[in-house]
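Notes follow once the structure below has been shown.
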Amino acid sequence: MKDGAAFSDPARERMMFARRLLLTVVGTLLLTAVLIARYFDLQITRYEDFATQSNNNRVLVRPVAPSRGLIYDRNRKLIADNRPSYNLTIVPERSEDLEKLIADLSDIISISERDIERFRKRLKQRRPFEQTSLRFNLSEEERAVLAVNGHRLLGAETSARLKRFYPDGELFAHVLGYVGRINEREIKTLEAIKYSGTDSIGKIGLEKFYEQQLLGEVGSEQVETNALGRVTRVLDKTGAVSGDNLTLYLDSNLQRAGLDAFKGKRGALVAIEIETGGVLAMISAPSYDSNLFVSGISQKNYDSLLYSQDRPLFDRAIRGQYPPGSTIKPMFGLIGLEHNVVTPSYKINDNGYFYFKGIERPWRDHNFARGGHGDGVDLAKAIIESCNIYFYGLGVKTGIDLLSDYGGQFGLGATTGIDLPGEKRGIMPSRAWKKASRGQSWFNGDTINTSIGQGFMLATPLQLAVMSARIASRGKVLSPQLVKAINGEQVPVIQVEQDISISDKHWDYVHSAMKDVVHSSHGTARSINKGLTYKIAGKTGTAQAISIDAEDKYDSTKIAERQWDHALFIAFAPADDPKIAIGLIVENGEHGGSAAAPIARSVMDAYMLSNSSTALAENEEP
Amino acid sequence: MHRNDFVRQLNSPGGDRRPSRILNIDFPLLFILIALCSIGLAVLYSASAESIFYVKRQATFMLIGLFAMIVIAQFQPRLWERWSILIFLCGLLSLVAVLFFGVGAKGAQRWLDLGVTRFQPSELMKIAVPMALASYLGKRHLPPRFKHVSIAVIATLIPVLLVARQPDLGTSLIIFSSGFFALFLAGLGLRYLIFTALVAIAAIPTMWFYVMLDYQKQRVLTLLSPEQDKLGAGWNIMQSTTAIGSGGLSGKGWTLGTQSQLNFLPESHTDFIIAVLAEEFGLIGVLGMLLLYLLLIGRCMLIALNAQSMFGRIMAGTISLTFFVYIFVNMGMVSGILPVVGAPLPFISYGGTAIVTLFLGFGILMAISTEPKRI
């Protein structure tokens, strides 16, 4: 109606509508015919097929479990494997009387109340005719008994599946974590189909972090069963796809050397490959055997781990937070030099006390209390002998803002981004942090405590190792990584931020001071330099587990062992061309030099040894 | 606004005195609806493993729906015509509210929590969109001109996209088709129809790559080859076709369907309920039910043909066609010729909101059917 006619024509519009409606009636009838044809096809033409199929539903679709990805250490040594294990499963629809069947089974093999209780829970979550496990890990004997009595146990079957096995038991417990049975809470969140072939899932550690990669893809098979529920033939099969294999940076030899060195002590150690940020060793002591958890740990075993005073289940390496103590001195020294707060020629006179204007009570040097370190303490000496008084002054003059800014760049106060779940962030205090967490302003006294790694400051052993690696690499900011390759494909090194900008001469100065911590006659870690064929640079630390008043002297004989100071050590080697960096803590170990440093040395020895042997192998090859 | 707009005079002098005119009830429609509801309850009893609880709840919703339908039938169609745009805008607003404050389950955000009860705006839009379009187009010269077509298309697509985002592809398709039917019945020109067909073809790859979520794609793939996904959605289809096929000509008998009673059939009391009916009552049962549906649709189309206004015609026609879409999509998906979208079978599947919405639509149809003749 181009002319925009003002008249509408109701009669014509009605006719048009009637025609349109007729068209839709035709369409409706056509589509109805399609539906009828389809239902006719299913119900009449193919009736026989479907009737047979539904007849007791003899054709079953069963999931085929994928095999979980394997985990290797850097030397291609297998550290997480799958082994066959046999379960007793039940299909209630096949049994005449479920209660009687369970009772009969209990007569011939041992089935606990807890097994039955868990079985009933699982029953509620399954599909009809799906196998449900009643007992796990059948012994050879039990399997034989079941096979002999099979004819009178309708509905019960033994089925083989692969079970996770950790060949080294406790060596990698905290890092690898473990798989365990899927619990009710997890069932609600996970994708049911993906897990239809398996009853376990990564609970903690790498097993949890890389769950998606390790799991693999479930397959399925269509099987025909006889009236007793036994499979008579497989009609069709879609294979499962195995999970991805992981290769780690971890080195079993270093791990072993470290864990052995921790024998009888509590603590944690992390060693990092400086070039890549790869984690060479990660130990939390004491450890436990992760195989215990794989098919359900017994309550007794679990309680003994959970309530042990040594807290073996606690992953100290990434979740333990300790005051870093004097180990942060090299870092603060670097900041002081870079910002001209101190120079190499600047010296102080240390009489053991530090007075701050307006505060009557002095800060005291607990590490070295016999009247102080004396005259002429420069930065090198302050690092080598761990002089607190020097750093009180350096800290106050630098100011908390710079300290906390650099602390962040060196990896403190934030998660490092390692590929593990549950990492703690520690605390690198700042004005904003104190305002937010305590609602108080920052005081100079806080800066003084911070300048020797005490007060609010907390760091995980992993963060200590990261800080040590960043000092060793002259400011390269890499994120620590455990997984080196997935299915043989290299995982790229993660450069988090740009390098820390500090001039080379300051790095040289601090590196040399750290070397003297180990190799000079006054160094706090001189005890480990005996017989060293290479040079280690390090810094000891001692952190108070309880607070001591400035006027009291710390005396280990007067307090219980659990309250003794923690011993810390950071180190890298070889000192002039660093390859490996370490951070470690020995809980209540008292002195970094005597308790912590020797452990670092054992790990470094293991590294230098295996490194030189691979270097040899490379030389032989051409 | 006149008082008569709201409630009709019971004893208008010289008016029609037949009970259907006085009560404003279309009796053929009412009888067919009651028959369908009764069948629905019987099948539901069997499909829910003979649960009186489900049947009672469903019956309650049906009674609420019947009551609402009769109440709605008491209002003049003219009133609905006048208010339709406002209702549409309210619906649109609540859809946007769902986007921000909605609650839901299984990853879809579809409900508004009103404290006392929960409300699903997308259900309302199933009626509000055709009503608004019928009202808008009914006032124009037909066939509609480009401007009016454009406005109608936009008014349809906004709720369609909002609902698809929730995500609820089934409801979104229903709303889309209701908008299309309204335009088609209003006499949409041939060139628009061709254009729509071309756009639809072009939209398939776009939908696939940009709009559809992984699980929705999975369902389409499942339709193409159910064997690929035997543990997931393919399992449902394999079980439902087995259930339908094993029903044969006359079925296994009420509550005797082995597939459904042994829990092989998923969602047996909601979206897949037709499989229970087909298994237990056979092809005869399926055809009987289809016949009832067709009678209902036929009656509705007759109402559309005899309606007094263009609004009434388009509205009644659209409701009956949309109703057929429900049936076709549901029966098609359960028998494996359409992908699985969440679409209940009207009056048979368990689900309160859907039933009440259906009755509301038929209430408007009754109002249209009993409107006094204009002179």
Assigned to a loop (DSSP other than H, G, I, E, B), of a type in the set (A, V, I, L, M) and either crowded, with 21+ Cβ neighbours inside 10 Å or in contact with a Lys or Arg (Cβ under 6 Å, 6 or more places away or on another chain) (or both) - does that describe any residue in the stretch A:277-298?
yes
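Yes/no matrix, rows are residues, columns are (1) farther than 30 Å from B:Leu161 by Cβ; (2) at pLDDT below 95; (3) within 9 Å of chain A (Cβ to nearest Cβ):
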| site | (1), (2), (3) |
| --- | --- |
| B:Asp214 | no, yes, no |
| B:Gln218 | no, yes, no |
| B:Leu224 | no, yes, no |
| B:Gly248 | yes, yes, yes |
| B:Glu267 | no, yes, no |
| B:Met310 | no, yes, yes |
Here are some conditions: (1) of a type in the set (Lys, Arg); (2) within 14 Å of chain B (Cβ to nearest Cβ); (3) part of a loop (DSSP other than H, G, I, E, B). A:Lys263 meets all but one. Which one does it not meet?
(2)
Output the residue which, of all residues in the stretch A:454-506 that are farther than 17 Å from A:Ile582 by Cα and among the polar types (S, T, N, Q), is surrounded by the most Cβ atoms within 10 Å (Cβ to Cβ).
A:Gln454
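Here's the yes/no breakdown for (1) at pLDDT below 95; (2) in contact with a helix residue (DSSP H, G or I) (Cβ under 7 Å, 6 or more places away or on another chain):
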position	(1), (2)
A:Glu221	yes, no
A:Lys237	yes, no
A:Ala281	no, yes
A:Ser287	yes, yes
Identity of the residue in the stretch A:456-466, touching a Pro at 6+ places or on another chain (Cβ under 9 Å) and assigned to a helix (DSSP H, G or I), that ends up nearest to A:Ala317 (Cα to Cα)
A:Leu462
Is it the case that A:Gly407 is modelled with pLDDT under 95 and part of a loop (DSSP other than H, G, I, E, B)?
no
Looking at the stretch A:358-380 only, could you name the residues that are modelled with pLDDT of 85 or more and either in a strand (DSSP E or B) or surrounded by fewer than 20 Cβ atoms within 10 Å (Cβ to Cβ) (or both)?
A:Val377, A:Asp378, A:Ala380
Suppose the filter is in contact with a helix residue (DSSP H, G or I) (Cβ under 8 Å, 6 or more places away or on another chain) and under 30 Å from A:Val241 (Cα atoms); does A:Leu482 pass it?
yes
For the subset of the stretch A:467-504 comprising residues that are small (Gly, Ala, Ser) and assigned to a loop (DSSP other than H, G, I, E, B), which member is nearest to A:Glu275 (Cα to Cα)?
A:Ser473
Which ranges mark the helices (runs of 4 or more DSSP H) fully within the stretch A:13-127 that have 2 or more residues being surrounded by fewer than 15 Cβ atoms within 10 Å (Cβ to Cβ) and at the interface with chain B (Cβ under 9 Å from one of its Cβ atoms)?
A:47-54
Regarding the stretch B:49-72, can at least one residue be identified that is outside the structural domain of B:Val199 (by TED's automatic domain parsing), under 22 Å from B:Ala367 (Cα atoms) and aromatic (Phe, Trp, Tyr)?
yes
Do the conditions hold for A:Ser139, that is, is it among the hydroxyl-bearing types (Ser, Thr, Tyr), over 23 Å from A:Val223 (Cα atoms) and touching a strand residue (DSSP E or B) at 6+ places or on another chain (Cβ under 9 Å)?
yes
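Let's see how each residue does on (1) buried (at least 17 other Cβ atoms within 10 Å of the Cβ); (2) β-branched (Val, Ile, Thr); (3) at negative phi; (4) assigned by TED's automatic domain parsing to the domain that holds A:Arg76:
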position	(1), (2), (3), (4)
A:Ala144	no, no, yes, yes
A:Val148	no, yes, yes, yes
A:Arg152	no, no, yes, yes
A:Asp168	yes, no, yes, yes
A:Leu176	yes, no, yes, yes
A:Ile182	yes, yes, yes, yes
Test for A:Leu176: is it closer than 17 Å to A:Arg83 by Cβ and either within 14 Å of another protein chain (Cβ to nearest Cβ) or touching a Leu at 6+ places or on another chain (Cβ under 6 Å) (or both)
yes
Quick count over the stretch B:326-344, residues being at the interface with another protein chain (Cβ under 9 Å from one of its Cβ atoms) and either of a type in the set (Asp, Glu) or surrounded by fewer than 22 Cβ atoms within 10 Å (Cβ to Cβ) (or both), is 4
When you check A:Leu337 against the structure, is it surrounded by fewer than 23 Cβ atoms within 10 Å (Cβ to Cβ), over 30 Å from A:Ile400 (Cα atoms) and of a type outside the set (S, T, N, Q), yes or no?
no
Check on A:Ile187, modelled with pLDDT under 80 and within 24 Å of B:Trp235 (Cα to Cα)
yes
Kindly indicate whether B:Phe347 is surrounded by 19 or more Cβ atoms within 10 Å (Cβ to Cβ) and either acidic (Asp, Glu) or away from every other protein chain (no Cβ under 13 Å) (or both).
yes
Pair list, Cβ < 9 Å and 6+ apart or interchain, from the stretch A:381-396 residues that are closer than 17 Å to A:Ser512 by Cα and at pLDDT below 90 to residues that are among the polar types (S, T, N, Q) and part of a helix (DSSP H, G or I):
A:Ser386/A:Ser326
Among all residue pairs at least 6 apart or on different chains, which show Cβ distances below 6 Å where the first residue, located in the stretch B:270-290, is at the interface with chain A (Cβ under 8 Å from one of its Cβ atoms) and the second is β-branched (Val, Ile, Thr) and assigned to a helix (DSSP H, G or I)?
B:Ala278/B:Ile244; B:Ala278/B:Val286
Here the residues within the stretch A:197-211 that are over 17 Å from A:Leu248 (Cβ atoms) and either at pLDDT 90 or above or part of a loop (DSSP other than H, G, I, E, B) (or both) are A:Gly197, A:Thr198, A:Asp199, A:Ile201, A:Lys203
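The values are calculated or read from the model by the stated rules, or taken from the named source; none is laboratory data. These numbers come from a predicted model, not from an experiment. Glycine gets a Cβ as well: all are built from the backbone with ideal geometry, and neighbour counts include every protein chain shown.
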